[in-house]
2 protein chains.
Amino acid sequence: MTDPALAFEAHDHRTCAGDVLTRAEAISGARLTPVRRRTLEILLESHRAMGAYEVLEKLADAGFGNQPPVAYRALDYLVDQGLAHRIRRLNAFAACMHPGEAHSPAFLICKSCAAVAEAPAAAIHAALGKAAADIGFTVERANVEALGLCPTCAETES
Amino acid sequence: MTDPALAFEAHDHRTCAGDVLTRAEAISGARLTPVRRRTLEILLESHRAMGAYEVLEKLADAGFGNQPPVAYRALDYLVDQGLAHRIRRLNAFAACMHPGEAHSPAFLICKSCAAVAEAPAAAIHAALGKAAADIGFTVERANVEALGLCPTCAETES
DNA sequence: ACTTGACATGTTATGCTATAACATACGATA
DNA sequence: TATCGTATGTTATAGCATAACATGTCAAGT
């Protein structure tokens, strides 16, 4: 699995984004149409989450439609396919950095630089499932989003 | 601590809501003004989360202002004081069922009856903190929201 | 009493987020 | 070639949230 901390570190982002895109193409095949592909590329330009309207603007710049459904449909598709994630706390979307690997990660959002990383969440889901089971509740899907400081910003601010 | 499963079971809701309101008054004192108190009462009418505009409507019925800021301000206050929680997944708010006890619970949202319960989340936060620390990330606040089936609905649907 | 400042509420206006509903196009396949 | 599923485009509107300003109230300090 890709190093989850990558989002917070200086790295060869071209390679990093390219890798993800290649894997996405393998997963999604022909259904990764131009709008959808471009949408994913837009999300992959940074490790930030991006609002639908921000994405829409960039899609329009690229010659696609400029009405909200254009962006929402592409984003919804990507989320469905596990190629992107929706960050509810931010009303925004972020590219999935390790598509294909089944996961429902915990999101770590840096309040300083706005970068978003995906942390492995197996232990978290186990704890959640147990807490829920104690009450008789069956968890189907869960989202875990944490706000805090990434290592780079923590260093800078101290 | 109050039984977290209460939200999903038939119970004497008058008493349950009354207790919470009494505790809220003790915590908030004079600053629990009429609008705020009424807002909390509205949230306490059910164990569901309620949108700001739904709350606003009921506030207007009670003779308070009927513009969005009226509801948002009261709700924000309650959230600040730990008397209510914001459920981001639903863009909605729910009364805190055990105010005073410091907590950042995990929310269990029944997809069938829409009831929301607060599960103890100490173990979840521990797991999250550890996963984050592995990446060098410092968690400040986190929200954990799970969608699934409550025990009552699970029984009904089977 | 008077002034000041903090807080609460009300109102106007607007911005941001999201989706319903309908129209058009294109390829696969029967 | 008729039809169906899928994708995209467009119009319109619904739903969520806040900025900015106006008014009122009460308590502290003078």
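Which condition number in (1) in contact (Cβ under 8 Å) with a residue 24 or more places away in the chain; (2) within 12 Å of another protein chain (Cβ to nearest Cβ) is the one that A:Ile135 fails?
(1)
Out of (1) more than 10 Å from chain A (Cβ to nearest Cβ); (2) more than 11 Å from the chain's Cα centre (by Cα); (3) of a type outside the set (Val, Ile, Thr), the odd one out for B:Ala94 is which?
Answer for B:Ala94: the failing condition is (2).
Consider B:Ser46 carefully, then state whether it is more than 15 Å from DNA strand C (Cβ to nearest atom) and either buried (at least 17 other Cβ atoms within 10 Å of the Cβ) or of a type outside the set (A, V, I, L, M, F, W, C) (or both). I'd like the intermediate steps shown before the answer.
Numbers: more than 15 Å from DNA strand C (Cβ to nearest atom): yes; either buried (at least 17 other Cβ atoms within 10 Å of the Cβ) or of a type outside the set (A, V, I, L, M, F, W, C) (or both): yes.
It is true that B:Ser46 is more than 15 Å from DNA strand C (Cβ to nearest atom) and either buried (at least 17 other Cβ atoms within 10 Å of the Cβ) or of a type outside the set (A, V, I, L, M, F, W, C) (or both).
Is there a residue in segment A:80-91 that is in a helix (DSSP H, G or I), farther than 26 Å from B:Ala132 by Cα and touching a Phe, Trp or Tyr at 6+ places or on another chain (Cβ under 9 Å)?
no
Restricting to segment A:100-121, and then to whatever is in a loop (DSSP other than H, G, I, E, B), within 14 Å of chain B (Cβ to nearest Cβ) and more than 16 Å from DNA strand D (Cβ to nearest atom), can you tell me which residue is surrounded by the most Cβ atoms within 10 Å (Cβ to Cβ)?
Filtering segment A:100-121 for residues that are in a loop (DSSP other than H, G, I, E, B), within 14 Å of chain B (Cβ to nearest Cβ) and more than 16 Å from DNA strand D (Cβ to nearest atom), the one surrounded by the most Cβ atoms within 10 Å (Cβ to Cβ) comes out as A:Pro105.
Residues to consider are B:Met97, B:Met50; find the one that is farther than 30 Å from A:Ser112 by Cα, modelled with pLDDT of 95 or more and within 16 Å of DNA strand D (Cβ to nearest atom).
B:Met50
Just for segment B:75-91: of the residues that are more than 11 Å from DNA strand D (Cβ to nearest atom) and touching a residue at least 24 places away in the same chain (Cβ under 8 Å), which one is nearest to the other protein chains (Cβ to nearest Cβ)?
If we take residues in segment B:75-91 being more than 11 Å from DNA strand D (Cβ to nearest atom) and touching a residue at least 24 places away in the same chain (Cβ under 8 Å), then B:His85 is nearest to the other protein chains (Cβ to nearest Cβ).
Buried (at least 17 other Cβ atoms within 10 Å of the Cβ) and within 16 Å of the chain's Cα centre (by Cα): does that describe B:Val79? If you could, list the steps in order and put the result at the bottom.
Details: buried (at least 17 other Cβ atoms within 10 Å of the Cβ): no; within 16 Å of the chain's Cα centre (by Cα): yes.
Here the answer is no, as B:Val79 does not meet what is asked.
So B:Cys96 passes all but one of these: (1) of a type outside the set (Val, Ile, Thr); (2) on the phi > 0 side of the Ramachandran plot; (3) in contact with a Leu (Cβ under 6 Å, 6 or more places away or on another chain). Which condition number does it fail?
All conditions are met except number (2).
Do we have any residue at all in segment B:26-35 that's of a type in the set (Val, Ile, Thr), modelled with pLDDT of 95 or more and over 24 Å from B:Thr152 (Cβ atoms)? Explain how you work it out, then say what you get.
Taking segment B:26-35 first, the residues of a type in the set (Val, Ile, Thr) are B:27, B:33, B:35.
Going one step further and asking which of them are modelled with pLDDT of 95 or more, we end up with B:33, B:35.
Add one more test, that the residue is over 24 Å from B:Thr152 (Cβ atoms), and what stays is B:33, B:35.
Yes, segment B:26-35 contains at least one residue that is of a type in the set (Val, Ile, Thr), modelled with pLDDT of 95 or more and over 24 Å from B:Thr152 (Cβ atoms).
When the residues of segment A:122-158 are narrowed to those that are in contact with a Ser or Thr (Cβ under 9 Å, 6 or more places away or on another chain) and of a type in the set (A, V, I, L, M, F, W, C), which ends up surrounded by the fewest Cβ atoms within 10 Å (Cβ to Cβ)?
Restricting to residues being in contact with a Ser or Thr (Cβ under 9 Å, 6 or more places away or on another chain) and of a type in the set (A, V, I, L, M, F, W, C), the top hit is A:Ala154.
Does A:Asn66 fit the bill of being more than 14 Å from chain B (Cβ to nearest Cβ) and within 16 Å of DNA strand D (Cβ to nearest atom)?
Against the criterion (more than 14 Å from chain B (Cβ to nearest Cβ) and within 16 Å of DNA strand D (Cβ to nearest atom)), A:Asn66 qualifies.
Enumerate the pairs (first residue in segment A:36-63 and part of a loop (DSSP other than H, G, I, E, B); second residue anywhere and more than 13 Å from DNA strand C (Cβ to nearest atom) and at pLDDT 95 or above) with beta-carbon separation below 7 Å, excluding pairs fewer than 6 apart on the same chain, so at least 6 apart or on different chains.
Every condition considered, the pairs that remain are A:His47/A:Ala7; A:His47/A:Ala115; A:His47/A:Val116; A:Ala49/A:Val116; A:Ala62/A:Arg38.
What number of residues in segment A:92-120 are closer than 18 Å to A:Glu45 by Cα and among the acidic types (Asp, Glu)?
Total satisfying the criteria: 1.
Output the residues belonging to segment B:5-20 that are more than 12 Å from B:Ala115 (Cα to Cα) and buried (at least 18 other Cβ atoms within 10 Å of the Cβ).
Result: B:Ala17, B:Val20.
The values are calculated or read from the model by the stated rules, or taken from the named source; none is laboratory data. Note that the structure is predicted; figures quoted are calculated from it, not measured. Using ideal geometry, Cβ is built from the backbone for each residue, glycine included, and neighbour counts are taken over all protein chains shown.
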